[in-house]
Every structure is written in C-alpha cells, then in structure tokens.
Amino acid sequence: MTTGNGTMKPIAIYYEQPNWFVPLFKEMDARGVPWLKVDARYHQFDAASSELEYSMVFNRMSPSAWQRGVGHGVFYTLNYLKHLEDKGVRVVNGYKAFTTETSKALQLSLLERLGLPYPKARVVNHPSQVLEAAEAIGFPLILKPNIGGSGAGIKKFSSREDLKAAVDGGELYFGIDNVALVQECFTAKDGVITRVEVLGGKFLYAIQIHITGETFDLCPADICKSTRGEELTRIACPVDAPKTGMTVEAYEAPPRVIGHVERIMAEAGIDVGGIEYVIDDRTGRLLYYDINALSNFVSDPERVVGFNPYGRLADYLIAQAANASGERAQAQTPCGEKA
C-alpha cells in the first residue's frame, strides 16, 4: 500500500492475548496491507531511537494480563505508548486511553467531571481504610482492584461483619498497584447489562446481555447463545472458555446514552472500546460502571448485530495509518515543493 510518497510502513498490532484477536488478524491478512504482530509479553524499545518503525500502532494490551503472569506488561506498556507518541507515531488507544483503562479510580473522576451517573465509591490504598469507606457507602458493597479486567478480584460483601472478617483475615486483594474501590453494589434491572461499542470514538453498536445470577466477569465474545436460543460461534475467545449461561441480543441504544458514551470516550482518549451500564433495580438510576479500551466484539456479530465489526475495525486502522503516513510525508516535504 502506498500513500503518494512511497510504501507505507507496517501497521503494528501490539497485543498480549493472541486468542482474542484472531478475527482481526484474519481481516488484516485479507486486505493485503503491510502489518505485523508485536508481542507485549516480551518486548523492548530504544528510548534514544528516532526511527519510526511503524505507520501506526494499535494498542491491544489488556489490564487483566496480570492474571496470565504478564502484570509487568501493564506498567511497561504505559512507558512504551508514551515513547511512541513522543516520537510522533499515531497510536490507536494510546497513552491517555490506556491510562484510563488501567485505573478505575480515574474512570470515576472522568464520569464525575462529565456529570454522569455512576455507582457511589471510595478509593482506598490500604485494607485499614476499607471499613471506614464502607460506612460511607453502605451494604451490600463490592471491593474491586483498581486495575482489574474481566471482573478479576471483585468481591461482594453483604454486611460489616463479613467485611471485617475479610480485613482481619488478610483476604482482600488490592491488585498490582495496591489501590482498590469500595463501591455500592447494584442489581441490574431484569438481569440486563447494556454494552455500547465505539469505533473511531463514534457509536458502532449496542448489545444487551442477560446475566445469570451475580457475575463480574463479562466478555461479550464469550457469550455463546442469543436471547432467541441460537447457538453463537465464539471467534474471539478461546474455544475452551467456560460457557457462562448468559445470552445476548442487539439493542437500540437511546440517543442520550449514545451521546454520553461518545463524550466519555472523547474525554478518555479511547478510539476503540466499550462502555457498560445498568439500570439499578433498587433505585431506577442509570449507572455507567465500566469504561473499556480493550473490546472483544460480541460472538457471531453478523448474526447478532448484522455486520462484521472486525472488518470495519481493519478498515479504520488502515485509514488511520494511511492518514498518519500522509501527514508525516507532507510535514517532511521542503517548503515550496509539491508532496
């Protein structure tokens, strides 16, 4: 592929969990553009290098990597993304996006800044602070690590006695940055969670997920059945992933929600991602509770939402890379000369 000033340098997809991105890899191969995989698990960079190796980098690092023995990659990635952006490399889901992705505390601050509703919470940095924070929140509540991913480390407590026993027994897990949220526990009305996906910061589609019981682990690509009872083909999560019993259907998100989601993503610097919200059964309030820069699209998307989001994502990445390459070439053209 050329940009008018020669061959475009390869697009880099920087990732940690290869199974999740097989559909995207397939779409990139089908388009015949120069691209390559960059393994975030084993990586290094030269801080002094001025060479631009890639036309664009797509960041697919997961905060939940610590569950797979790659916690070191989370903090490393922040340094790498900043290095790339300082060199002038276009990064999709770059430093700002990943900073937001890896801090639930910052997500709360973002929602507060935008005046949008979210579950009441306190941020703590030591187990000795949990009981006092709980008094301000009330029961039931959940405690969640600041850096989570896929519901990792979240625990529910129904009473002060249960929470105190966990504190006294050293049972609380604050995650790899030793920060946690003490947060009110909501009940999703009708057992429904809504997830809204964006591409290029703009609305792509919405789905409603019908959960079974209490769950904190939500991977849309791991849901294997539609609300109509159809078996869905899981193409982005491992085939041996557990069947959750959850079901999914397309949903027409209200314009007001779409506007909120696009504002959140713009403020977070997230190009590609998803936001989850519920209607709290107890209060009737709409609550935004999770901002994701890493999105595994829904299983069998053509059946569920009517199109292939991986194809649209591939086209978006290619367009972003071409634009970045063209802008870079134009900036390097001497004054008075045609590019």
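The values are calculated or read from the model by the stated rules, or taken from the named source; none is laboratory data. This one's a predicted model, so the numbers in the text were calculated from it and none came from an experiment. So basically every Cβ, Gly included, is an ideal-geometry build from the backbone, and we count neighbours across all protein chains shown. Protein only, heavy atoms only, side chains kept; ligands, DNA and RNA dropped before computing areas. Shrake-Rupley method; radii C 1.70, N 1.55, O 1.52, S 1.80 Å.
Figures for the structure shown
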item	result
Within the range 162-175, considering residues that are within 21 Å of residue 289 (Cβ to Cβ) and aliphatic (A, V, I, L, M), the one most open to solvent (accessible area, probe 1.4 Å)	172
Test: residue in the range 28-40 that is of a type in the set (A, V, I, L, M, F, W, C), open to solvent by less than 30 Å² (accessible area, probe 1.4 Å) and assigned to a strand (DSSP E or B)	yes
Residue match in the range 77-100 (condition: open to solvent by less than 10 Å² (accessible area, probe 1.4 Å), over 24 Å from residue 297 (Cα atoms) and among the polar types (S, T, N, Q))	no
Failed item in (1) of a type in the set (Val, Ile, Thr); (2) surrounded by fewer than 21 Cβ atoms within 10 Å (Cβ to Cβ); (3) over 21 Å from residue 174 (Cα atoms); (4) within 18 Å of the chain's Cα centre (by Cα), with residue 70 passing the rest	(3)
Enumeration of residues in the range 115-161 that are open to solvent by 50 Å² or more (accessible area, probe 1.4 Å), outside any helix (DSSP H, G or I) and among the polar types (S, T, N, Q)	125, 150, 158
Conditions (1) surrounded by fewer than 21 Cβ atoms within 10 Å (Cβ to Cβ); (2) more than 19 Å from residue 102 (Cα to Cα); (3) not β-branched (Val, Ile, Thr); number of the one not met by residue 269	(2)
Flag for residue 25 being open to solvent by less than 30 Å² (accessible area, probe 1.4 Å), free of Cβ contacts under 8 Å to residues at least 24 places away in the same chain and closer than 23 Å to residue 324 by Cα	yes
Qualifying positions in the range 91-114 - of a type in the set (Val, Ile, Thr) and assigned to a loop (DSSP other than H, G, I, E, B)	102
Some residue of the range 52-64 being open to solvent by less than 20 Å² (accessible area, probe 1.4 Å), farther than 19 Å from residue 310 by Cβ, aliphatic (A, V, I, L, M) and assigned to a loop (DSSP other than H, G, I, E, B)	no
